[in-house]
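The values are calculated or read from the model by the stated rules, or taken from the named source; none is laboratory data. Just so we're clear, the structure is a prediction, and the values are computed from it rather than from any experiment. Neighbour counts run over all protein chains shown; Cβ positions are idealised from the backbone, glycine included.
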Amino acid sequence: MINSTRTYTLPILPLKSSVVFPHVALPISINRPASLAAVEEALASGNKMVAVLAQKDPTVEDPKIDDLYHIGSATVIQLIGRFESMTQIVIQGTERIQVAEIEPAKSFLKARFRAMPMPVDQGVEAEALQREILDLTAKYFSLGHPEVELNVPRFVVPGEDFMKLVYPLGQLLSLDVTKAQNLLEAPGSVAAMTILRGHLHHEIQILRIRKKIADEAQSEMTREQKKYILRQQLQAIQQELGEKSPAEAELADLRKKLEEAKLPDTIQDEVRRELSRLQQIPNSSPEYQVARAHLELVLELPWRKTTTDNLSLANARQVLDEDHFGLQEVKERIIEQLAVMKLNPSAKAPILCFVGPPGVGKTSLGQSIARALGRKFERFSLGGMHDEAELRGHRRTYIGAMPGRIIEAVRRSGSANPLIMLDEIDKLGRDFRGDPAAALMEILDPAQNCAFRDNYLELPFDLSKVFFITTANSLDTVPKPLLDRMETLRLSGYSDEEKMEIAHHYLFPRQRQEAGLKKDQFFVNDDTLIAVIQRYTREAGVRELERMLGRLARKAAIHFAEGHDEPFIVGPDDLPQMLGPERFFLEKLRRQLPPGVATGLAWTESGGDVLYIEAIQLPDGEKFTLTGHLGEVMKESATTANSYVLAHGEEIGIKKKQGAVHIHVPAGAIPKDGPSAGVTMAVALASLYSGIPIRHDTAMTGEITLCGLVLPVGGIKEKVLAARRAKILRVILPRENEKDLRDLPDHVRKEMEFIFVDRIEDVINEAILHAI
């Protein structure tokens, strides 16, 4: 043993990630040449002693003396084993030592050390710490090593050093190098015991948490095992009693449904195979639930169940007229289809696309068609749909897989020939998950949908009997191949008179009923209705009009709920108090237009509008300026109009003065685009260059070409109604748009004057006050 009053020269064995304590034996693997040389030196010395010091940085492969802690343990090599790749030794720590002086050595580190005996503290604090450590040690072993029977007196003999327990416990706790070195370098036994107590507390907390987690897992496993045993016992009892188990009862129920379902032969064979496979799967398996849900869907689908169509043309006309005012073209198309179905029951159902502004009755018209035919009605919106799987379904290999919206709609309807409405087809999305529009091409193609395969169903289902109706506000975003598969029917906006009729016959009675009012309690006259239509709503449909009538009905409900008995009559003067200030003002007819100002007509999603185009000439420059938030097409139309007027000035009878030209289209904050303002811009420029004003009672629309032709445009009904609303009763239209006047109500056609033109010269002659 080392004498504490002397110093010793020993070879140094550096350790990367371990600290060796006195009174502790530890196996070490050695493969570094310097460490092997130090061990050989110790074995050759006779006392087999080596100084073990921990490295400050374990990544250093060839440590110097400054890379090591200077306090370590003197150890004795007790065993050694030599192998091809490494040498293993077992060392026994004897006591603490500290580097006193570096000794020269060639292939390994060597130093002179002095012994550092641990001062043994006495007193109440030391005794208290010893007892606490003994208690904590017992807890640690009971939690972490319950199989070990701890015999503390084996470690600590009365009258001996308590550090003989502290150091082995420090080694047992597997502390990192920094913590273990702090324990080794403790200046006294009380300090060492205090450090060890903290580590024991930390480890006991970790062991308690681990035990809690393990107990909970064991408890859960025990419960599941108990359930399994009880199920097995229940199954055995049921077999003894001759009863069916729940799984067998489910399979028997599925077989019964299979016999009652009257599936097509190919589908029936597939379902029988699936039933046989299901019988082999344990009912506790997740695959069992997936297979059963799939079979239930197959058996719930109406493979051959259809509703009988009501093919009475008179009934269809009555139902459609009851629910909707006007819309004669659409109603006539439905009557045509009923007639075809009456003469040819095997005719395929049509695929219609209702196109029109919001609120004109596209969705409700689909419900009316279903009621007229006597078919089930299902509807879902395509707006914002990005995932193709929402239509085709998800494959059953995915967790949470479910059928697509089409098959689900058929299942809900309980009929193989429902009417399914696909709303907002123009708002379909597209991203990395697929293109829903591409999936719709198969669904809406009568030549393909007779064997539609949903990814979840994985069986062909006949959709050819389904009456599909789609709706859209605009066809600009609908892919052409998809549009080619549908028959387009346009629902244009309503005139003020049509809105009056709709309000009288449909909206007002519905809102009065929803408010709980009787016929003799609530009255709104025609003047009030027209005021609501023109001053509080500005739309092609009647959705906002119905909201306004609902507000008036609720005002009436308050009147009677407060105990008043007299009828509630709303006049035009009462509207500001009930609905607030007027939201819209009628387009006012400008009684006099200066040269360069022309009246145009525009189509918007909410109907039509009057558009004044203003042109002025500046004294300097040659620049051609366009303002008013115009789109590219409208800018090109302005350039075309200006080029034509300048090129044919002599023919028209005008001469442009020097100076820049500025065209503005109010209101500046509203985006505008389209070719239909080309004629109006050409007339405004002709008026500007000639100095002759344009007739204030005339509005115009049409596309212009560089050859002076006036081409047809769209939205004629909405534009004419906007002109009439502004008291402009004279409208210039392209000749090819004459056919579109049939969409107008008879009284509007009689009231208005229409001039049809082929060339821009005809427009100028009709529009400018004194023809140039």
Any hit, the range 450-460, residues being at pLDDT 85 or above, of a type in the set (Asp, Glu) and surrounded by 16 or more Cβ atoms within 10 Å (Cβ to Cβ): yes
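Here's the yes/no breakdown for (1) in contact with a helix residue (DSSP H, G or I) (Cβ under 9 Å, 6 or more places away or on another chain); (2) in contact (Cβ under 8 Å) with a residue 40 or more places away in the chain:
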residue	(1), (2)
Ser495	yes, yes
Arg510	yes, no
Asp520	no, yes
Leu529	yes, no
Gln534	yes, yes
All positions within the range 378-405 that are closer than 22 Å to Lys480 by Cβ and aliphatic (A, V, I, L, M): Leu382, Met385, Leu391
Residue identified as in contact with a Pro (Cβ under 7 Å, 6 or more places away or on another chain), of a type outside the set (Val, Ile, Thr), under 27 Å from His662 (Cα atoms) and without any contact (Cβ under 8 Å) to a residue 40 or more places away in the chain among Leu711, Leu769, Leu733, Leu688: Leu711
Boolean, Glu41 is part of a loop (DSSP other than H, G, I, E, B), more than 26 Å from Thr178 (Cβ to Cβ) and out of contact with any Asp or Glu (no Cβ under 7 Å at 6 or more places or on another chain): no
Check on Ile755, assigned to a helix (DSSP H, G or I) and either assigned by TED's automatic domain parsing to the domain that holds Ala540 or within 28 Å of Ile654 (Cα to Cα) (or both): no
Subset of the range 468-502 (residues that are under 23 Å from Pro745 (Cβ atoms), of a type in the set (D, E, K, R) and assigned to a helix (DSSP H, G or I)): Asp496, Glu497, Glu498, Lys499, Glu501
Matching residues, the range 27-55, being surrounded by 15 or more Cβ atoms within 10 Å (Cβ to Cβ), of a type outside the set (Lys, Arg) and under 60 Å from the mean Cα position of the chain (by Cα): Ile28, Ile30, Ala54, Gln55
Set Arg333, Arg304, Arg292: member being closer than 25 Å to Lys262 by Cβ, in contact (Cβ under 8 Å) with a residue 40 or more places away in the chain and more than 36 Å from the chain's Cα centre (by Cα): Arg304
Counted residues, the range 519-574 - those being closer than 20 Å to Gly359 by Cα, in a helix (DSSP H, G or I) and either not small (Gly, Ala, Ser) or not assigned by TED's automatic domain parsing to the domain that holds His504 (or both): 15
Sole residue being among the β-branched types (Val, Ile, Thr), crowded, with 22+ Cβ neighbours inside 10 Å, in contact with a helix residue (DSSP H, G or I) (Cβ under 7 Å, 6 or more places away or on another chain) and under 25 Å from Gln268 (Cβ atoms), chosen from Ile420, Ile406: Ile406
Extreme residue, farthest from Asn310 (Cα to Cα), among residues of the range 351-366 that are of a type outside the set (Gly, Ala, Ser) and out of contact with any Lys or Arg (no Cβ under 8 Å at 6 or more places or on another chain): Pro357
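To keep it simple, each residue is scored yes or no on (1) free of Cβ contacts under 8 Å to residues at least 40 places away in the same chain; (2) under 30 Å from Asp697 (Cα atoms); (3) buried (at least 18 other Cβ atoms within 10 Å of the Cβ).
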{"residue": "Ile558", "(1), (2), (3)": "yes, no, no"}
{"residue": "Gln592", "(1), (2), (3)": "no, yes, no"}
{"residue": "Leu611", "(1), (2), (3)": "no, yes, yes"}
{"residue": "Lys623", "(1), (2), (3)": "yes, no, no"}
Where Ser364 falls short, out of the listed (1) out of contact with any Leu (no Cβ under 6 Å at 6 or more places or on another chain); (2) surrounded by fewer than 22 Cβ atoms within 10 Å (Cβ to Cβ); (3) modelled with pLDDT of 85 or more; (4) more than 21 Å from Lys427 (Cα to Cα): (4)
Residue ID - modelled with the highest pLDDT, chosen from residues in the range 301-328 that are charged (D, E, K, R) and surrounded by 14 or more Cβ atoms within 10 Å (Cβ to Cβ): Arg317
Residues located in the range 560-580, provided they are surrounded by fewer than 18 Cβ atoms within 10 Å (Cβ to Cβ) and in contact with a helix residue (DSSP H, G or I) (Cβ under 8 Å, 6 or more places away or on another chain): Gly571, Pro572, Asp574, Met578
Count of residues meeting criterion [of a type in the set (D, E, K, R) and touching a residue at least 40 places away in the same chain (Cβ under 8 Å)] in the range 182-237: 5
Qualifying positions in the range 508-555 - over 17 Å from Tyr494 (Cβ atoms), under 39 Å from the mean Cα position of the chain (by Cα) and small (Gly, Ala, Ser): Ala515, Gly550, Ala553
Positions within the range 92-113 being farther than 15 Å from Lys64 by Cβ and either touching a Pro at 6+ places or on another chain (Cβ under 8 Å) or among the aromatic types (Phe, Trp, Tyr) (or both), in sequence order: Gly93, Thr94, Glu95, Arg96, Phe113
Residue satisfying condition, being outside any helix (DSSP H, G or I), in contact with a helix residue (DSSP H, G or I) (Cβ under 8 Å, 6 or more places away or on another chain) and either of a type in the set (A, V, I, L, M) or more than 22 Å from Arg379 (Cβ to Cβ) (or both), within set Leu463, Leu440: Leu463
Residues of the range 358-415 satisfying the condition of being among the β-branched types (Val, Ile, Thr), more than 23 Å from Trp303 (Cβ to Cβ) and in a helix (DSSP H, G or I): Thr363, Ile369
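So that you can scan it fast, the table gives a plain yes or no per residue for (1) at pLDDT 85 or above; (2) among the acidic types (Asp, Glu); (3) touching a strand residue (DSSP E or B) at 6+ places or on another chain (Cβ under 9 Å); (4) surrounded by fewer than 17 Cβ atoms within 10 Å (Cβ to Cβ):
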{"site": "Asp462", "(1), (2), (3), (4)": "yes, yes, yes, yes"}
{"site": "Val466", "(1), (2), (3), (4)": "yes, no, yes, no"}
{"site": "Asn473", "(1), (2), (3), (4)": "no, no, yes, no"}
{"site": "Asp484", "(1), (2), (3), (4)": "yes, yes, no, yes"}
{"site": "Tyr494", "(1), (2), (3), (4)": "no, no, yes, no"}
{"site": "Glu514", "(1), (2), (3), (4)": "yes, yes, no, yes"}
{"site": "Phe522", "(1), (2), (3), (4)": "yes, no, yes, no"}
